[in-house]
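Only the coordinates and a few stated rules stand behind these numbers; no lab work does. Nothing here was measured: the structure is a model prediction, and the numbers come from that model. Note: ideal-geometry Cβ built from the backbone for every residue, glycine included; neighbour counts use all protein chains shown.
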Amino acid sequence: MSVQQAITAVDAPHAVSAPFTDRLAAPLAPPLAEPSRRRRRSARRGELLVTGSLLLADAMVIAVACLIAFVIRQNLEFLDSAPGLSGTVVHNSLVIGAGWMLAIVVFGGVNPRLIASGAEIYRNVLTACVGAVGILGAILFLADIPLSRPFFVTLFLVGPPLLLLVRFAARRAVNGARVRGRLRLQVLVVGSAGHVHGIARTLARETWLGYDVVGAVTPMYEDAQAEQAGVPVLGDESRLLPLVRSEEPDVVLFTAGSSASAEEFRRIAWELEDQDVAVIVVPGVSEISGDRITMRPVAGLPLVHMDLPRARNALKWTKRAFDIVASAALIVLLMPVFAVLALSVWWSDRGGVIFRQDRVGRSGTAFEFLKFRSMVIDAEARRAELEQLARDKGNDVLFKMADDPRITRVGKVLRRYSLDELPQLWNVLRGDMSLVGPRPALPQEVTGYDEDARRRLAVRPGITGLWQVSGRSDLSWEDTVRLDLFYVDNWSFTQDLLILGRTVRAVLASRGAY
């Protein structure tokens, strides 16, 4: 799960315990310092800029959709051209456009907080489109306003995809700006040292979220432990409000281990409201996809319902049927490519074409793994000496070298664009692998697995997966396991399709391919 999905803002009490009397008795906040005012005004301007840009883009998209719908209506062969339609269309387009824009705003289609990640912004836009169709259609009908039905239907078929495309472009632009250091928010994290460390590490890794941790507030006697975790501890929880006034963060993030009771948390929220500070509460779970979590406030308690992991779902017949059909179709379509690649490999050194290797599949079962040979013939014999020379970026389990001397000239091209992986389609067809899944492991790697890493073996390994589309060999072993476990526990058919789509971009970019 991405951090944006895991971090859930709530406006109900968070049940924790320990006294906050000193903090609650602190005097009201003094006026903000001028640098902080400028920073907060900048943050607000950033949100207003995102909202205004979305509204302007939506207006332009709806105007373009009206024009496209008019042109299509006038050129439908089975309908007579309507000479007087243009004036009616202009009038109706203004009414429809205004109503459509209002629906998008009301249903949260321009909320800047939803831009970063998740499907909610897209759902809100689609909901607004459906609502606009029903409400505007009823109003135009009841008001007896002349309306071309083909124009109306075409408009609401063309418009929604364009509006979704605007959100996609806005997400890329906002996340890119955050990575470059703009539109960022300063965060003060409250909780136990271990949880503070985990949150800070995740936010530092996911820079596109736009959160910068400025410090931690921990329970008493945990300062030394948190300092060792690399997060500056500004004080214990009895000094939370004075620290908020002095540090002036944009967000106070409560994670597990915070010691406020429900009533104290509510009072703290009142104080923070006066200082215009946002509050985020992180449940004590992570790496959970959004569709496995449901928030249901009951009796003032924010109950988080979590579905069980979905490793068994990844073994159902639907996934296997898709693998069979897709791999068989790709093998047939790519036969000419197979022939050219096989000839190129053989011509390079007159050696074997297919590289066969034992790998570990589902439940620890070994299988014969197929690839186009991209290394010299005696590559395996030379592996031992190279393992003593280099490891890739601290990866203690996987052996990868960015400039492996065993790779042939043809092999470099094959690896750059992952063409050496194509014979694995036979592994998929045979049932050894899946199109999407964790990276297939070597037997010697599995011997070094801890209990968490062995969870990767609960499903069939894949030709591609989150590892493939997130950096491949550039990833550390820790990140590789994290991504694979996320895939296993949160499997869905939709996620498989998204990964397959992202694989095309990852292959063309060839980042981490060696």
Averaging over every viewing direction, what projected area does the convex hull of the Cα atoms of segment 125-201 cover, in nm²?
8.7 nm²
Virtual spin-label span in nm between residue 356 and residue 44, 7 Å along Cα→Cβ
7.1 nm
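If you take the beta carbon distance between residue 476 and residue 504 as r and set R0 to 41 Å, what does 1/(1 + (r/R0)^6) give as a FRET efficiency, to the nearest 0.05? Each step should come with its number before you reach the end.
Numbers: r = 25 Å, r/R0 = 0.60.
Once rounded, the FRET efficiency stands at 0.95.
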Most to least packed among 343-354, 51-62 [average Cβ atoms within 10 Å]
51-62, 343-354
Note, residue 108: beta-carbon cut-off 10 Å, +1 each Lys/Arg, -1 each Asp/Glu, net +1
Net charge of neighbours whose Cβ lies under 11 Å from the Cβ of residue 461, counting Lys and Arg as +1 and Asp and Glu as -1
+3
Between residue 317 and residue 168, what is the spin-label point distance in nm, taking each point 7 Å from the Cα along the Cα→C-beta axis?
3.4 nm
Inter-probe distance in nm under a simple model that places probes 7 Å from Cα toward Cβ, at residue 143 and residue 105:
1.7 nm
What does the extension gain come out to for residue 153 and residue 94, with contour length at 0.36 nm per residue minus their alpha carbon separation?
19.6 nm
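Stretched out fully, how many nm does the piece from residue 377 to residue 179 gain, at 0.36 nm a residue minus the Cα gap?
Values: separation 198, 0.36 × 198 = 71.28 nm, distance 4.32 nm.
Stretched out fully, the residue 377 to residue 179 stretch lengthens by 67.0 nm.
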Starting from 0.36 nm per residue, how many nanometres of slack lie between residue 55 and residue 447 once their C-alpha separation is accounted for?
135.6 nm
Estimated FRET transfer efficiency when R0 is 30 angstrom, pair residue 454-residue 412 (beta carbons, to 0.05):
0.35
